[in-house]
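The values are calculated or read from the model by the stated rules, or taken from the named source; none is laboratory data. These numbers come from a predicted model, not from an experiment. Don't worry about glycine lacking a Cβ; one is built from the backbone with ideal geometry, like all the others, and counts go over all protein chains shown. Please note that ligands, DNA and RNA were not included when accessible areas were found on the heavy atoms of the full protein model with its side chains. Shrake-Rupley method; radii C 1.70, N 1.55, O 1.52, S 1.80 Å.
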Amino acid sequence: MEKIEPIRKLIKEAAKSIDQPKQVAASLPLTRVQVHAIDFLSNQPDCQVNQHQFDQEMGVQRSTITVMLQRLEKKGLVTRLPDPADKRQKLVALTPAGKDLVPKLKEVIINDDLQLKHQFTEDELAATRKVLMYIKQEG
(Lines give C-alpha, C1' and ligand atoms only; values in the text may rest on other atoms or scores of the structure.)
Protein backbone atom coordinates (compact mmCIF):
# COMPACT_ATOMS: atom_id res chain seq x y z
CA MET A 1 0.00 0.00 0.00
CA GLU A 2 1.33 3.44 -0.98
CA LYS A 3 2.02 5.84 1.85
CA ILE A 4 -0.09 8.99 1.55
CA GLU A 5 1.47 12.29 2.61
CA PRO A 6 -1.36 14.79 3.19
CA ILE A 7 -0.53 18.08 1.44
CA ARG A 8 -1.79 20.30 4.25
CA LYS A 9 0.34 18.39 6.77
CA LEU A 10 3.39 18.79 4.54
CA ILE A 11 2.70 22.54 4.19
CA LYS A 12 2.38 22.88 7.96
CA GLU A 13 5.70 21.08 8.47
CA ALA A 14 7.36 23.25 5.82
CA ALA A 15 5.99 26.38 7.51
CA LYS A 16 7.47 25.21 10.83
CA SER A 17 10.81 24.75 9.12
CA ILE A 18 10.66 28.28 7.73
CA ASP A 19 9.87 29.65 11.19
CA GLN A 20 12.80 27.87 12.87
CA PRO A 21 15.20 30.35 14.48
CA LYS A 22 17.89 29.84 11.85
CA GLN A 23 19.93 32.80 10.70
CA VAL A 24 18.97 33.76 7.14
CA ALA A 25 22.45 34.90 6.06
CA ALA A 26 25.84 35.24 7.71
CA SER A 27 25.79 38.95 6.91
CA LEU A 28 22.36 39.40 8.49
CA PRO A 29 22.06 38.08 12.06
CA LEU A 30 18.27 37.68 11.89
CA THR A 31 15.89 34.75 11.64
CA ARG A 32 13.43 34.46 8.73
CA VAL A 33 10.60 35.54 11.02
CA GLN A 34 12.55 38.61 12.11
CA VAL A 35 13.34 39.39 8.46
CA HIS A 36 9.63 39.09 7.64
CA ALA A 37 8.77 41.44 10.51
CA ILE A 38 11.22 44.12 9.40
CA ASP A 39 10.20 43.73 5.76
CA PHE A 40 6.52 44.08 6.71
CA LEU A 41 7.22 47.22 8.76
CA SER A 42 9.34 48.71 5.95
CA ASN A 43 6.32 48.52 3.64
CA GLN A 44 3.99 50.39 6.04
CA PRO A 45 3.42 54.16 6.07
CA ASP A 46 6.16 55.75 8.20
CA CYS A 47 7.54 52.21 8.76
CA GLN A 48 5.13 51.66 11.64
CA VAL A 49 1.91 49.83 12.34
CA ASN A 50 -0.51 49.16 15.20
CA GLN A 51 0.67 46.11 17.14
CA HIS A 52 -2.66 44.35 16.54
CA GLN A 53 -2.11 44.60 12.76
CA PHE A 54 1.48 43.47 13.25
CA ASP A 55 0.27 40.44 15.26
CA GLN A 56 -2.20 39.52 12.51
CA GLU A 57 0.48 39.76 9.81
CA MET A 58 2.91 37.59 11.73
CA GLY A 59 0.29 34.92 12.43
CA VAL A 60 1.95 33.47 15.53
CA GLN A 61 1.04 33.43 19.19
CA ARG A 62 1.19 36.75 20.99
CA SER A 63 3.81 35.44 23.44
CA THR A 64 6.05 34.52 20.49
CA ILE A 65 5.60 37.99 19.00
CA THR A 66 6.42 39.62 22.33
CA VAL A 67 9.71 37.72 22.59
CA MET A 68 10.57 38.46 18.94
CA LEU A 69 9.87 42.18 19.41
CA GLN A 70 11.96 42.24 22.58
CA ARG A 71 14.88 40.70 20.65
CA LEU A 72 14.49 43.19 17.79
CA GLU A 73 14.30 46.05 20.30
CA LYS A 74 17.46 44.79 22.01
CA LYS A 75 19.19 44.85 18.60
CA GLY A 76 17.99 48.43 18.17
CA LEU A 77 15.93 47.63 15.06
CA VAL A 78 12.37 48.26 16.28
CA THR A 79 10.65 50.21 19.00
CA ARG A 80 7.19 50.11 20.53
CA LEU A 81 5.44 53.41 21.11
CA PRO A 82 2.06 54.42 22.51
CA ASP A 83 -0.53 54.69 19.73
CA PRO A 84 -1.78 58.29 19.73
CA ALA A 85 -5.07 57.11 18.22
CA ASP A 86 -5.68 54.59 21.03
CA LYS A 87 -3.68 54.82 24.25
CA ARG A 88 -4.47 51.18 25.05
CA GLN A 89 -2.55 50.09 21.94
CA LYS A 90 1.09 50.21 20.90
CA LEU A 91 2.69 51.04 17.57
CA VAL A 92 5.54 48.89 16.32
CA ALA A 93 8.04 50.98 14.36
CA LEU A 94 11.40 50.58 12.70
CA THR A 95 14.20 52.58 14.29
CA PRO A 96 16.69 54.46 12.10
CA ALA A 97 19.00 51.42 12.40
CA GLY A 98 16.13 49.17 11.29
CA LYS A 99 15.45 51.42 8.30
CA ASP A 100 19.15 51.41 7.39
CA LEU A 101 19.06 47.60 7.33
CA VAL A 102 16.15 47.39 4.85
CA PRO A 103 18.18 47.51 1.57
CA LYS A 104 20.44 44.66 2.77
CA LEU A 105 17.40 42.78 4.02
CA LYS A 106 15.66 43.10 0.61
CA GLU A 107 18.80 41.75 -1.07
CA VAL A 108 18.85 38.75 1.29
CA ILE A 109 15.14 38.08 0.66
CA ILE A 110 15.71 38.11 -3.12
CA ASN A 111 18.75 35.83 -2.88
CA ASP A 112 16.93 33.41 -0.55
CA ASP A 113 14.03 33.27 -3.01
CA LEU A 114 16.35 32.76 -6.00
CA GLN A 115 18.11 29.86 -4.26
CA LEU A 116 14.74 28.20 -3.72
CA LYS A 117 13.57 28.86 -7.29
CA HIS A 118 16.71 27.28 -8.76
CA GLN A 119 15.62 23.94 -7.29
CA PHE A 120 12.46 23.72 -9.44
CA THR A 121 11.18 24.24 -12.97
CA GLU A 122 8.81 27.09 -13.80
CA ASP A 123 5.99 24.55 -14.24
CA GLU A 124 6.65 23.06 -10.80
CA LEU A 125 6.68 26.52 -9.24
CA ALA A 126 3.46 27.50 -11.01
CA ALA A 127 1.73 24.33 -9.79
CA THR A 128 2.98 24.92 -6.25
CA ARG A 129 1.74 28.52 -6.30
CA LYS A 130 -1.65 27.34 -7.56
CA VAL A 131 -2.00 24.81 -4.73
CA LEU A 132 -0.86 27.30 -2.07
CA MET A 133 -3.18 30.05 -3.33
CA TYR A 134 -6.10 27.62 -3.33
CA ILE A 135 -5.38 26.57 0.27
CA LYS A 136 -4.87 30.20 1.31
CA GLN A 137 -8.25 31.21 -0.14
CA GLU A 138 -10.31 28.11 0.60
CA GLY A 139 -8.65 26.90 3.80
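Quick look at the values:
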read-out	value
Nearest 10 degrees, 0 to 90: helix 32-42 Cα axis against the chain principal axis	50 degrees
Ordering of 37-44, 124-131, 99-106 by burial proxy (mean other Cβ atoms within 10 Å per residue, highest first)	37-44, 99-106, 124-131
Angle between the chain longest axis and helix 62-74 axis [Cα atoms, degrees, rounded to 10]	60 degrees
Residue-level accessible surface for residue 32, protein heavy atoms, 1.4 Å, Å²	80 Å²
Fluctuation leader among 34, 70, 61 - the chain, Gaussian network, Cα springs under 10 angstrom	61
Accessible area of the chain divided out per residue, in Å², using a probe of 1.4 angstrom	72 Å²
Principal-axis tilt of helix 96-117 within the chain, Cα atoms, nearest 10 degrees	0 degrees
Positive dipole terminus of the chain, leading residue within 133, 36, 7 (C-beta point charges)	36
Viscosity 1.002 mPa s, temperature 20 °C, Stokes-Einstein D of the chain from Kirkwood C-alpha radius, µm²/s	127 µm²/s
222 nm mean residue ellipticity, helices alone, for the chain (DSSP H n ≥ 4; -39,500 (n - 2.57); rounded to 500)	-19500 deg cm²/dmol
Filter on 75/106; 12/75; 12/74 - keep pairs with C-alpha separation over 21 Å	12/75; 12/74
Sulfur and carbon atoms: percent of accessible area, the chain [1.4 Å]	55 percent
